[in-house]
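Beneath this line is the structure, given in structure tokens, with notes to follow.
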Amino acid sequence: MASRVRVWKVLPLWIVIAVSIGWLGSVLISELRHRGKVDTPAPGFSNSDLVLTGVHVVTIVDGVMTWELNASRAQIYEGQHQARLDNVHGIARPSDGTVVRFEGATGTFDTMTHDVELQSPGGGTIVQWSNGYVVSSDVLRWNQATQEATSDRLVSITGPRVAIRGVGLRIRPASQELTLLSQVQTHVF
């Protein structure tokens, strides 16, 4: 009978040991999960009304897709009527049947006017037509009301057998008019 009493006296010690090992294991697992992570708030949650990740927007007119926009994140500011976008790329399909691809590191979409501004440092904002012409700049803007794309920065245009640089740009897709505004340099090869 004395041996049974000893078992009951030792049992609480085993429970304490098991609970302690479990607690140490959970602390270790928690540390492994957080190793290499910095405790800072997630980017984009500052004062926006809504943050969306993996954004994919498509516009369809009369059963035909007219444009498609993708962004890794969108911060929505309802009071300012803006969506600020990260890692933007997309496709526009004008009525003439061409395909226009565009990309920029960041972008701003005005939810009221549907104007768009794409930005990328170092000329990384790119618009590419299916005929092989590529326009690149730090900033490109689309004005929905006038149906014009503009830039006031250094612009580079490359295409089959031509490279053109200048400052300032105006593109009117409806009339297929592209105008560089100043300091134009052309290289034909």
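The values are calculated or read from the model by the stated rules, or taken from the named source; none is laboratory data. For clarity, every value in this text was computed on a predicted model and none was experimentally measured. When we count neighbours, we look across all protein chains shown, and the Cβ atoms used for this are built from the backbone with ideal geometry, even at glycine.
Please determine whether any residue of region 117-136 is exposed (fewer than 15 other Cβ atoms within 10 Å of the Cβ), outside any loop (DSSP other than H, G, I, E, B) and out of contact with any helix residue (DSSP H, G or I) (no Cβ under 8 Å at 6 or more places or on another chain). Checked region 117-136: at least one residue is exposed (fewer than 15 other Cβ atoms within 10 Å of the Cβ), outside any loop (DSSP other than H, G, I, E, B) and out of contact with any helix residue (DSSP H, G or I) (no Cβ under 8 Å at 6 or more places or on another chain).
From the list ALA174, ALA149, the one residue that fits, being in a helix (DSSP H, G or I) and on the phi < 0 side of the Ramachandran plot, is ALA174. Can we say GLN80 is modelled with pLDDT of 85 or more, assigned to a strand (DSSP E or B) and assigned by TED's automatic domain parsing to the domain that holds ARG172? Criteria not met by GLN80. Just one residue in the set THR66, THR98 is assigned to a loop (DSSP other than H, G, I, E, B), exposed (fewer than 15 other Cβ atoms within 10 Å of the Cβ) and at negative phi; that residue is THR98. Scanning region 86-125 for residues that are at pLDDT 85 or above and of a type in the set (Lys, Arg) gives a single hit, ARG101.
Residues in region 110-169 that are out of contact with any Ser or Thr (no Cβ under 7 Å at 6 or more places or on another chain) and basic (Lys, Arg): ARG161 only.
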